[in-house]
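**Student:** Let me give you the structure first, and then I'll get to my questions.
Just so you know, all these numbers are worked out from the coordinates, no wet-lab data involved. The structure displayed is predicted, hence computed values, not measured ones. Virtual Cβ from ideal backbone geometry, glycine too; neighbours counted across all protein chains shown.
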Amino acid sequence: MGAATPLYVEERACERKTAMTTEEQTVVRLEDLRRRAGLSQSALAALAEVSPTTVNGIETGKGPTPRLRSIRALARALQVKPEEIDEFRPVLGFDPPPAPGRATD
């Protein structure tokens, strides 16, 4: 596998009719980020030095609440901020982004 290139999160704001904050534009699910990076669950787990079971549990929502060490390691491996990963926001104390199509105040 070659050198990792920066992974930029796509902005989906153009698909919405409502105004969004910059923070809301960059929140993406872990699985989407992993797939965009061209990684399997096992490959991401190896890069982040967590178990494949941890990655699978986060992506499926069937695992325990991820530990802060795992959150930081996965975000670092994907070259994004931890708060940009949707599944990590509640653990980090952030509100989830509004559902697509819902107006924001």
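**Student:** I'd like to know if the range 65-73 contains one or more residues that are surrounded by 17 or more Cβ atoms within 10 Å (Cβ to Cβ), under 13 Å from the mean Cα position of the chain (by Cα) and over 21 Å from residue 93 (Cα atoms).
**Tutor:** Step one: filter the range 65-73 for residues surrounded by 17 or more Cβ atoms within 10 Å (Cβ to Cβ), giving 66, 70-71, 73.
Next, only the ones that are under 13 Å from the mean Cα position of the chain (by Cα) stay: 66, 70-71, 73.
With over 21 Å from residue 93 (Cα atoms) added as a condition, the list becomes none.
No, the range 65-73 contains no residue that is surrounded by 17 or more Cβ atoms within 10 Å (Cβ to Cβ), under 13 Å from the mean Cα position of the chain (by Cα) and over 21 Å from residue 93 (Cα atoms).
**Student:** Taking the range 30-41 as the search range and keeping residues that are in a helix (DSSP H, G or I) and touching a residue at least 12 places away in the same chain (Cβ under 8 Å), which one is nearest to the chain's Cα centre (by Cα)? Break it down stepwise before answering.
**Tutor:** Start the filter on the range 30-41 by keeping residues that are in a helix (DSSP H, G or I), which leaves 30-36, 41.
Okay, now just the ones that are also touching a residue at least 12 places away in the same chain (Cβ under 8 Å), so 30-31, 33-34, 36, 41.
Numbers: 30: 4, 31: 7, 33: 6, 34: 8, 36: 11, 41: 13 Å.
Across the range 30-41, the extreme among qualifying residues is 30.
**Student:** Another question, if that's okay. List the pairs whose first member sits in the range 53-72 and is touching a residue at least 24 places away in the same chain (Cβ under 8 Å), whose second member is outside any helix (DSSP H, G or I) and surrounded by 17 or more Cβ atoms within 10 Å (Cβ to Cβ), and whose Cβ atoms are under 6 Å apart, counting only residues at least 6 apart or on separate chains?
**Tutor:** What qualifies is 58/66.
**Student:** Could you list, in sequence order, the residues of the range 73-87 that are in contact (Cβ under 8 Å) with a residue 24 or more places away in the chain and part of a helix (DSSP H, G or I)?
**Tutor:** 73, 74, 76, 77, 78, 83, 84, 86, 87
**Student:** Same structure again: Please specify each residue of the range 43-52 satisfying the condition of being small (Gly, Ala, Ser) and either in contact (Cβ under 8 Å) with a residue 12 or more places away in the chain or touching an Asp or Glu at 6+ places or on another chain (Cβ under 8 Å) (or both).
**Tutor:** We begin by selecting, within the range 43-52, every residue small (Gly, Ala, Ser); these are 43, 45-46, 48, 51.
Across the range 43-52, the qualifying residues are 43, 48.
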